[in-house]
Amino acid sequence: MKSVMHTVLTAAVAVAALTVVVPSASAASAAGDRSGQVATARCGAPSVAVDARVAANPSQISAAAYNQARSILARAGSETAAKSHPVHGTASVPVRYGTSLLACSRDEFRSKDRNAPIKRSGMTPYHYVAIHDAARTMGIDRW
């Protein structure tokens, strides 16, 4: 009798724990919980960037740092950076502006450098250095 009672109580506790955990997890996924994700804006980049990319980055970038990075990438040959508008009239911009600019320029450089004989991360060393200089200027570690 004692063993049966113990088994029933254990099963009841397990069922109660599952009913508390499972609905909240399924409700979050059904509702499309994207609290740890940010939207990216340009050039066919994925529509959602994972929170790990933003975790190591600042939440805001100064307008001067963004404009300097944009200039670095445009001088290196990025048409995306050259076409983007400089930031003005505001002190800072969201980090997604910088990560989007870096990702688009990276993809563009990789596409241009597809047949280059010497590559580093899929692009010429010149483009690789330009991307990383721009990222360092904005204080971005992951894009």
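The values are calculated or read from the model by the stated rules, or taken from the named source; none is laboratory data. Quick caveat, the model's predicted, so the values are computed rather than measured. Ideal geometry is used to build each Cβ from the backbone, glycine not excepted, and the neighbour counts take in all protein chains shown.
For the condition of a type in the set (A, V, I, L, M) and modelled with pLDDT of 50 or more, what is the one hit in Val8, Val93, Val50, Val21?
Just a single option satisfies the conditions, and that option is Val93.
From Ala82, Ala69, Ala64, Ala74, grab the single residue that is touching a strand residue (DSSP E or B) at 6+ places or on another chain (Cβ under 9 Å), of a type in the set (A, V, I, L, M, F, W, C) and part of a helix (DSSP H, G or I).
Ala69
Please pick out the residue among Asp107, Asp141 that is loosely packed, with under 15 Cβ neighbours inside 10 Å and charged (D, E, K, R). Spell out how you get there, then give the answer.
On the way: Asp107 fails: loosely packed, with under 15 Cβ neighbours inside 10 Å.
Asp141 is the lone residue from the list that is loosely packed, with under 15 Cβ neighbours inside 10 Å and charged (D, E, K, R).
Could you please tell me which pairs satisfy a Cβ distance under 8 Å, a separation of 6+ or placement on different chains, a first residue in the stretch 121-143 that is among the basic types (Lys, Arg), and a second residue that is surrounded by 24 or more Cβ atoms within 10 Å (Cβ to Cβ) and assigned to a loop (DSSP other than H, G, I, E, B)?
none
Restricting the stretch 57-103 to residues that are surrounded by fewer than 18 Cβ atoms within 10 Å (Cβ to Cβ) and basic (Lys, Arg), which is nearest to the chain's Cα centre (by Cα)?
Going through the qualifying residues, I end up with Lys83.
List the number of the failed condition for Ala74; all other conditions in (1) closer than 21 Å to Tyr128 by Cβ; (2) touching a residue at least 12 places away in the same chain (Cβ under 8 Å) hold.
Ala74 satisfies all of (1) closer than 21 Å to Tyr128 by Cβ; (2) touching a residue at least 12 places away in the same chain (Cβ under 8 Å) except (2).
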